[in-house]
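The values are calculated or read from the model by the stated rules, or taken from the named source; none is laboratory data. Every value quoted in this text rests on a predicted model; they were computed, and no experiment measured them. Glycine also receives a Cβ, built like all others from the backbone with ideal geometry; neighbour counts cover every protein chain displayed.
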Amino acid sequence: MLITATRRVVNDSLARNSLLIMATTVVNGGLGYVYWMLAARAVAQPQVGTATALISAATAISMVANLGAGHMFIQRLPGSATDAWSRIVGGGLLAGCTVTAVLAGAGAVLVPMAAANFGFLDRPAGAAALVCAATAITATTLLDNVYVAHRSGHGMFVRNLVLALGKIIALAALLGAGPHSAGVVVLSWTLPTILVSAATVGLGLRRLRSGARLRLTGLGAELPHLRAALTGHHLINLTQAGPAALLPVLVTARLGPAANAHFYLAWMTASMLFMVSPAVASALYAERTNAVRVSLARAAAVVLSMVGAPATLLLLVGDRILALFSAGYAAEGGTLLRILVLAAIPDAVTNLAVAHWRSRGEFRLCRRLNGVRAVTCLSLTWLLLPGAGVTGAGIAWLTGQAMSALLVGAVAFALVSRQKASVL
């Protein structure tokens, strides 16, 4: 029976790549947990808060600036000739990283003007760290999407494993050699990301596509495709992933870096749940782009199998897990963590529905669903934080996810009713 099940997984690309995505999620979540535990135990809480605020700001900027090139890769790379493949990847990486660097530089100037708690960006070191971190995030995100486009989950798993281990090793080495500061945390987080991305470009892509060599010529031909990705895929991605990147930024702006440290570690602990449904949704979209028939029910079953056990564990002993960082993190973040775990269910409903309708070209519907979720989450977070503290961000997140999932149900019901009426 075990051999038969193994063969079915090997021969089923959705199951195979979903399991590899799950392994990637476990690696990122588990080793990320070790990384932040080490940082929380060795570095003062305000310094951890500053580092997480900068990384969160860099993530938010990358979300805005990557131009939707990742899903453009998924849509266009399968079946493309080698020269076109090289131009598509080269153009997408160059455009995404360039725009990210420019926006990060502008953010380093403008954000401290709007939020005094981001005053650390006024210093040259803070501004440079923001630019480097944001650009590194864009590069590694787009490279992951190249692997997703080719349904090569094993390649994405290996590079993320190396990256997660590299961050831990870099942090331990820097803590042993120098001061225990926010700068050490940011450097240990950013430098391995840059190095692994460079190694992927230099070595990994050639193994993925024989004869491929990134081209920076003929990029003018890519501009129409990037423009289409910007107005189509990017707005969907931005409204889907943007709130997750902005929540820690809003917590810092409203409550300060110390409160963000409590929020971020609870958020990071729950993030393994929020990684699953977007990853499976991307795999579903990639399967359908490669002309493979995959049902939404199968994708939902994959998500449930990945999320069920970890969610139950976090609901039961989440506060004890946070206590491994310190008693203060458990006291401040225990309730928040449970709320975030509950939000993973409606989050998965919306993400899979968006992937399904995106594969059918219903971009406007996808933007509206994600837009409702984004506006609700961010506006309620801003309103609730001063009175409810970091728990307010969790309540806002759960409310936004629930509203979007209910809207998915309403739209699906309307579409089914319309189909039945047309048959009659």
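If we keep just the residues of the stretch 395-417 that are surrounded by fewer than 23 Cβ atoms within 10 Å (Cβ to Cβ) and of a type in the set (S, T, Y), which is farthest from F263 (Cα to Cα)? Selected residue: S417. L340 passes every criterion in (1) touching a Cys at 6+ places or on another chain (Cβ under 8 Å); (2) under 28 Å from A40 (Cα atoms) apart from (1). Taken residue by residue, the stretch 110-120 has no member that is out of contact with any Gly (no Cβ under 8 Å at 6 or more places or on another chain), of a type outside the set (F, W, Y) and at pLDDT 90 or above.
This table checks each residue for (1) modelled with pLDDT of 90 or more; (2) farther than 24 Å from R254 by Cβ; (3) of a type outside the set (S, T, N, Q); (4) part of a helix (DSSP H, G or I).
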| residue | (1), (2), (3), (4) |
| --- | --- |
| W357 | no, yes, yes, yes |
| R367 | no, yes, yes, yes |
| C377 | yes, no, yes, yes |
| T381 | yes, no, no, yes |
| L384 | yes, no, yes, yes |
| A396 | yes, no, yes, yes |
| G400 | yes, no, yes, yes |
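State whether one or more residues within the stretch 319-333 are outside any helix (DSSP H, G or I) and buried (at least 23 other Cβ atoms within 10 Å of the Cβ). Looking through the stretch 319-333, at least one residue is outside any helix (DSSP H, G or I) and buried (at least 23 other Cβ atoms within 10 Å of the Cβ).
For G176, the stated conditions do not hold, so it cannot be described as of a type in the set (G, A, S), surrounded by 18 or more Cβ atoms within 10 Å (Cβ to Cβ) and assigned to a helix (DSSP H, G or I).
The residue pairs whose first member lies in the stretch 253-273 and is touching a residue at least 12 places away in the same chain (Cβ under 8 Å) and assigned to a helix (DSSP H, G or I), whose second member is among the charged types (D, E, K, R) and surrounded by fewer than 24 Cβ atoms within 10 Å (Cβ to Cβ), and whose beta carbons are closer than 7 Å, counting only pairs six or more residues apart or on different chains, are H262/E332.
Residue count for the stretch 139-186 satisfying the condition of being under 20 Å from the mean Cα position of the chain (by Cα) and not acidic (D, E): 31.
Of all the listed residues (A60, A44), the sole one being within 22 Å of the chain's Cα centre (by Cα) and either at pLDDT 80 or above or surrounded by fewer than 19 Cβ atoms within 10 Å (Cβ to Cβ) (or both) is A60.
Within the stretch 322-354, the set of residues being closer than 19 Å to G30 by Cβ and touching a residue at least 60 places away in the same chain (Cβ under 8 Å) comprises L324, F325, Y329, G333, L337, L340, V341, A344.
Of the numbered criteria (1) touching a Ser or Thr at 6+ places or on another chain (Cβ under 8 Å); (2) within 30 Å of Q75 (Cβ to Cβ), the one G155 fails is (1).
Being at pLDDT 85 or above and crowded, with 23+ Cβ neighbours inside 10 Å is a description that does not apply to A69.
Rundown of residues vs (1) farther than 25 Å from L284 by Cβ; (2) surrounded by fewer than 18 Cβ atoms within 10 Å (Cβ to Cβ); (3) out of contact with any strand residue (DSSP E or B) (no Cβ under 9 Å at 6 or more places or on another chain), yes/no style:
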{"site": "R358", "(1), (2), (3)": "no, no, yes"}
{"site": "F363", "(1), (2), (3)": "no, yes, yes"}
{"site": "C366", "(1), (2), (3)": "no, no, yes"}
{"site": "L380", "(1), (2), (3)": "yes, no, yes"}
{"site": "P386", "(1), (2), (3)": "yes, yes, yes"}
{"site": "A393", "(1), (2), (3)": "yes, no, yes"}
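Considering only residues in the stretch 138-172 that are hydroxyl-bearing (S, T, Y) and under 19 Å from S62 (Cβ atoms), the one that is surrounded by the most Cβ atoms within 10 Å (Cβ to Cβ) turns out to be T138. Within the stretch 122-132, the residues that satisfy the criterion of being among the hydrophobic types (A, V, I, L, M, F, W, C) and surrounded by fewer than 24 Cβ atoms within 10 Å (Cβ to Cβ) are A125, A127, A128, V131, C132.
Taking the residues in the stretch 133-159 that are among the polar types (S, T, N, Q) and at pLDDT below 90 as candidates, determine which candidate is nearest to F120 (Cα to Cα).
This residue is T141.
When you go through L322, L255 one by one, which is the residue that is over 29 Å from G153 (Cα atoms) and in contact with a Gly (Cβ under 6 Å, 6 or more places away or on another chain)?
Exactly one of L322, L255 is over 29 Å from G153 (Cα atoms) and in contact with a Gly (Cβ under 6 Å, 6 or more places away or on another chain), namely L322.
A quick yes/no check of all residues on (1) outside any helix (DSSP H, G or I); (2) in contact (Cβ under 8 Å) with a residue 40 or more places away in the chain; (3) farther than 26 Å from G202 by Cα:
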site	(1), (2), (3)
H71	no, yes, no
W85	no, yes, no
T100	no, no, no
G105	no, no, yes
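In the stretch 33-46, the residues that are in a helix (DSSP H, G or I) reach residues that are surrounded by fewer than 18 Cβ atoms within 10 Å (Cβ to Cβ) and hydroxyl-bearing (S, T, Y) with C-beta atoms within less than 9 angstrom, at least six apart or across chains, in these pairs: A40/S326; R41/S326; Q45/S326. Evaluated against (1) of a type outside the set (V, I, T); (2) out of contact with any helix residue (DSSP H, G or I) (no Cβ under 6 Å at 6 or more places or on another chain); (3) at pLDDT 80 or above, P257 falls short on exactly one condition, (2).
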